[in-house]
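Q: My structure is below; once you've seen it, I'll send some questions.
Any read-out appearing in this document is the output of simple, stated calculations on the displayed coordinates, not a laboratory observation. Computed from a predicted structure; not experimentally measured. Positions of Cβ are generated from backbone atoms using ideal geometry, with glycine treated the same way; all protein chains shown enter the neighbour counts.
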Amino acid sequence: MRAAAILALALLLAGCGLRPLYSGGASGEVAQTLRGVTIGPVAGRAGWLVRTALEDRLHAGSGPARYRLDIVLDDDITGFGIRSDDAVTRERRALRARYQLVELGKGTVVLDATAGSDVGIDVVSSEYATVAAERTALERLSKEVADQIVTRVALYASRTGPRR
């Protein structure tokens, strides 16, 4: 009974048209395309964090450069949760990225998109603790934005096929 259920599930999945994004592993077309992406300079601390996270995820520079990723970030902290003495008790940190994937051979933009995320931060009486929470939030947001960018570039690579 169990084997029949597994076989039926396998047949359903095979017929649905889904295929693994990273099929072929490190030698697959998507992984090869991602290794061929260079990352342009990104300003600020948030830029350094996002760029580093992208380099880790893309294995940037380990293949022949075919694309360049240009990124502009918007890092914003907004206070809300105001007490009766006008002190902020809660902040929201938002990190947004506008990015373009440029095909180096032609100089054309092949992907133009945005990514972003936000997080809430408690403002406490210790200024040090609040600053530490803001920095930790930025580190976490940078990783989330980098993950979104890599996923979108990988989807582009899987839809366009190998470009050599």
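Q: May I ask for the distance between the Cα centers of region 31-80 and region 91-109, given as a whole number of Å?
A: That distance is 9 Å.
Q: Work out how much length Tyr156 to Arg2 would gain on full extension: take 0.36 nm times their residue separation and subtract the Cα-Cα distance, in nm to one decimal. Before the final figure, lay out each step's value.
A: Working: separation 154, 0.36 × 154 = 55.44 nm, distance 3.79 nm.
Full-extension gain reported as 51.7 nm.
Q: While we're on this one: Between Ala129 and Trp48, take the C-beta separation as r, use R0 = 25 Å, and let me know the FRET efficiency to the nearest 0.05.
A: Numbers: r = 23 Å, r/R0 = 0.93.
Step by step, r from the Cβ atoms, then E = 0.60.
Q: Given R₀ = 45 Å, what would the calculated FRET efficiency be for Lys106 paired with Glu139, taking r from the Cβ atoms and rounding to 0.05?
A: On the way: r = 36 Å, r/R0 = 0.79.
So the FRET efficiency works out to roughly 0.80.
Q: So what's the net charge close to Thr130: Lys and Arg +1, Asp and Glu -1, counting the other residues with Cβ under 12 Å from its Cβ?
A: Working: positive: Arg90, Arg93, Arg135; negative: Glu91, Asp122, Glu127, Glu134.
Charge balance in the 12 Å sphere: -1.
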